[in-house]
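Below: the structure, in structure tokens.
Just so it is clear, none of the values below were taken in a lab; they were calculated from the coordinates. Small disclaimer: the values here were computed from a predicted structure and weren't measured.
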Amino acid sequence: MSRTNPDLFEFFGKRRGRPTTSARAVSTPMRDGGDPVVTLSRRLAVLLAAGAVLTTALAFVGGMAVGRSKRPTGDGAPVPTPIVRMPTWILRGAALNRISNMSLSLEDRALAAIRARHPQLAPFVASSPVEASRGRVVPGQFRLIVRGFTSEASATAWAKALSAERVDEAFPFRDCRPERAPD
């Protein structure tokens, strides 16, 4: 390709002698009535991101200031006390068979009898399956458990009182001893 003018500025369409200026806004008419195209420059994006971070930081600091101003002072305000768990004691009854010769099982009759005879223990009496070694359940057997004793002495007193209880021919709490409840 041969050129007659060796000047590269003319080849690429730039004219000589025209002073270089900074970018200026030029409005271009919209074609075909379409939506205008909005472009976001890098500088504007950085400024918007910095503004969002600054607004978030100011909101956080303001929230901390409001929270500190609403904090109760030491003038008669109640101070929260830590929750201290007291050890509780349980009574675990003897292993009994569920099957009986009556319409209700022995488990249901034993629960009903203990709850009727000792209404103060009624919310704390429950039945559980008998567990053998390694947590395996022994089929057809259950035991009564009384939970919620606050001291070993009160659990021992109830163990003596319940050891004489009899349901049909079974003694659900014979020879039971207080145990610490698992946490």
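Quick look at the numbers
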| quantity | calculated |
| --- | --- |
| Interchain or long-range residues, amide H under 5 Å from Ala181's placed H | Thr88, Trp89, Ile90 |
| Radius of gyration, Dmax [segment 91-180; alpha carbons; angstrom] | 12.8, 38 |
| Under-5 Å amide H pairs with Phe171, H placed in peptide plane, nonlocal only | none |
